[in-house]
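Structure record follows, encoded as structure tokens.
The values are calculated or read from the model by the stated rules, or taken from the named source; none is laboratory data. Remember, it's a predicted structure, so these values are computed and weren't measured experimentally. Cβ sites come from the backbone with ideal geometry, for glycine too, and all protein chains shown count toward neighbours.
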Amino acid sequence: MRIEPFGVEIWMNEWETKCELNLAETCVESLTIGQLLDLAGRNGDDLSALLPMPMTYGAIEGSDRLRDAIAALYARQRRANILVTHGTIGANMLVHKALVGPGDRVLAVVPTYQQHYSIPESLGADMHLLHLQPQDGWLPDLDRLRALALPGTKLIALTNPNNPTGALIPQPMLQEIAAIARATGAWVLCDEVYRGTDQQGDGKTASMADLYERGISTAGLSKAFSLAGLRLGWVAAPAEIIAAVSIHRDYDTISVGRIDDHFATLALEAAPRLLARSQAITRGNLQILSDWIDTQPRLGWVRPQSGTTAFVRLDAPMTSREFCVDLLQETGVMFTPGSALGVEGWLRIGYANAPDILREGLRRTGAFLARLP
Ligand SMILES: Cc1ncc(COP(=O)(O)O)c(C=O)c1O
């Protein structure tokens, strides 16, 4: 199987350990195990509970308690609709592998997480991209989507809330997307790993799996739940998809680690507290970022509505990669160049790290921008 190199992951692998202030990070500031236990109302005794745990594979599809806690994040999902995976990245890979074959028509809304077009392309799909535009607030143009969604379209893949733009497709628009898919019989895969970080309300936007009978939602604990180290994700989907994905999953997953399953369950049973902490960080930090953007004549943006990243237009005589490498080497601040996401002239700023890291990173970036020709 041939596949395109993963632009963002290559950028991260190359630079993440060399930066001082990481504003390329897309996770809400990660929790320690101690902080997780505190938030979940537990204590050291709960760690001791791990001691008698036999290191078997555990429940193959994820423990019942974990799948119940995941199902509770949705309006219409039950345990049988949930399959636990190695991160959202594992969930996405499995869904694409289970659904897409050579010649299948697949639509991906871009910019997005590269899995959603490079995996189907590698599987031989007839791949079509719908490019989001800043003048549309980075929301999909539904007339364009309708025109691309020819009869027989197999899959429409999107990310909501969006990485990198921070745009949030509201529920009525998700329903319109479902109607477009329904008319062609297409499945909709919606990567919802940033769900829980909306700037308004309870922070949890509607989920495609709840809205559409052929809707598939993937998500995980890395971003809104600040627990990337657990490598815990899932697929929420109709039973037919869970069965198809399970066939592939048997070849590359078996089960997730029992320790991961244990901590993930504690985390999700305390989901409102974890999400409240994340929202306090993302809402406070977006205001810091917004105040700073207002002072920067070379930068422009569509203010994010959700997620942990802002996509910022750069007005400077250099590529986004040149800018990011120079910035990193001169100041220790790390952004992600738009070119790693297939959009030149833009920068992705992850604003959900600790507020003091964000403030200091922006201060140094402001001084760097002021020195540019
Ligand atoms: C949209 C999107 N999907 C999936 C992932 C992978 O998430 P996980 O850590 O849950 O595998 C990321 C990570 O950056 C992401 O941005």
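Tally up the residues in region 120-149 that are assigned to a loop (DSSP other than H, G, I, E, B), surrounded by fewer than 19 Cβ atoms within 10 Å (Cβ to Cβ) and touching a Phe, Trp or Tyr at 6+ places or on another chain (Cβ under 9 Å), please.
So the answer is 0.
Name the residues in region 271-299 that are in contact with a helix residue (DSSP H, G or I) (Cβ under 8 Å, 6 or more places away or on another chain) and not in a helix (DSSP H, G or I), would you?
Within region 271-299, the subset in contact with a helix residue (DSSP H, G or I) (Cβ under 8 Å, 6 or more places away or on another chain) is 271, 273-274, 277, 281, 284-285, 288-289, 292, 295-296, 298-299.
Hits for region 271-299 are Thr295, Gln296, Arg298, Leu299.
Of the residues Tyr113, Tyr117, which single one is part of a loop (DSSP other than H, G, I, E, B), within 14 Å of the ligand (Cβ to nearest atom) and within 18 Å of the chain's Cα centre (by Cα)? Let's see the steps before the verdict.
On the way: Tyr117 fails: part of a loop (DSSP other than H, G, I, E, B).
One residue alone meets the criteria, Tyr113.
Can you work out which of the residues in region 243-255 that are in a loop (DSSP other than H, G, I, E, B) and polar (S, T, N, Q) is nearest to the ligand (Cβ to nearest atom)? Walk me through how you get there before you give the answer.
Within region 243-255, the subset in a loop (DSSP other than H, G, I, E, B) is 253-255.
Those left that are additionally polar (S, T, N, Q): 253, 255.
Details: Thr253: 13, Ser255: 16 Å.
Only one residue fits best here, namely Thr253.
Can you run down the residue pairs with Cβ atoms below 7 Å, 6 or more apart or on separate chains, where the first is in region 308-336 and within 13 Å of Arg348 (Cβ to Cβ) and the partner is of a type in the set (Lys, Arg) and assigned to a strand (DSSP E or B)?
Every condition considered, the pairs that remain are Thr309/Arg348; Phe311/Arg348; Phe335/Arg348; Thr336/Arg348.
Step by step: first the residues of region 175-199, then only those that are within 16 Å of the ligand (Cβ to nearest atom) and of a type in the set (A, V, I, L, M), then the one that is surrounded by the most Cβ atoms within 10 Å (Cβ to Cβ). Which residue is that?
Step one: filter region 175-199 for residues within 16 Å of the ligand (Cβ to nearest atom), giving 188-198.
Retained after the next criterion (residues that are of a type in the set (A, V, I, L, M)): 188-189, 193.
On the way: Val188: 23, Leu189: 32, Val193: 30.
For region 175-199, the residue satisfying everything is Leu189.
In region 69-91, is there at least one residue being touching a Pro at 6+ places or on another chain (Cβ under 6 Å) and either modelled with pLDDT under 95 or within 16 Å of the ligand (Cβ to nearest atom) (or both)?
Let us first name the residues in region 69-91 that are touching a Pro at 6+ places or on another chain (Cβ under 6 Å), namely none.
The answer is no, given that none of the residues of region 69-91 is touching a Pro at 6+ places or on another chain (Cβ under 6 Å) and either modelled with pLDDT under 95 or within 16 Å of the ligand (Cβ to nearest atom) (or both).
Among the numbered criteria (1) within 16 Å of the ligand (Cβ to nearest atom); (2) within 30 Å of Asp38 (Cβ to Cβ), which single criterion is violated by Arg258?
(1)
If you take the residues of region 202-242 that are assigned to a strand (DSSP E or B) and of a type in the set (Val, Ile, Thr), which of them is nearest to the ligand (Cβ to nearest atom)?
Initially, region 202-242 is screened for residues assigned to a strand (DSSP E or B), giving 215-220, 232-236.
Subsequent filtering for residues that are of a type in the set (Val, Ile, Thr) retains 216, 218, 235.
Numbers: Ile216: 13, Thr218: 7, Val235: 12 Å.
Ranking the qualifying residues of region 202-242, first place goes to Thr218.
Would you mind stating whether Glu269 is of a type outside the set (Phe, Trp, Tyr), surrounded by fewer than 24 Cβ atoms within 10 Å (Cβ to Cβ) and in contact (Cβ under 8 Å) with a residue 40 or more places away in the chain? Explain how you work it out, then say what you get.
Working: of a type outside the set (Phe, Trp, Tyr): yes; surrounded by fewer than 24 Cβ atoms within 10 Å (Cβ to Cβ): yes; in contact (Cβ under 8 Å) with a residue 40 or more places away in the chain: yes.
When the stated conditions are applied, Glu269 passes them.
If a residue must be within 25 Å of the chain's Cα centre (by Cα) and either modelled with pLDDT under 95 or in a helix (DSSP H, G or I) (or both), how many such residues does region 328-341 contain?
Qualifying residue count, region 328-341: 5.
Applying the selection to region 229-252, what residues are crowded, with 20+ Cβ neighbours inside 10 Å, touching a residue at least 40 places away in the same chain (Cβ under 8 Å) and in contact with a Ser or Thr (Cβ under 9 Å, 6 or more places away or on another chain)?
Of region 229-252, the ones crowded, with 20+ Cβ neighbours inside 10 Å are 230, 232-237, 241, 245, 249.
Now restrict to residues that are touching a residue at least 40 places away in the same chain (Cβ under 8 Å): 232-237, 241, 245, 249.
Within region 229-252, Leu232, Gly233, Trp234, Val235, Ala236, Ala237, Val245, Arg249 meet the criteria.
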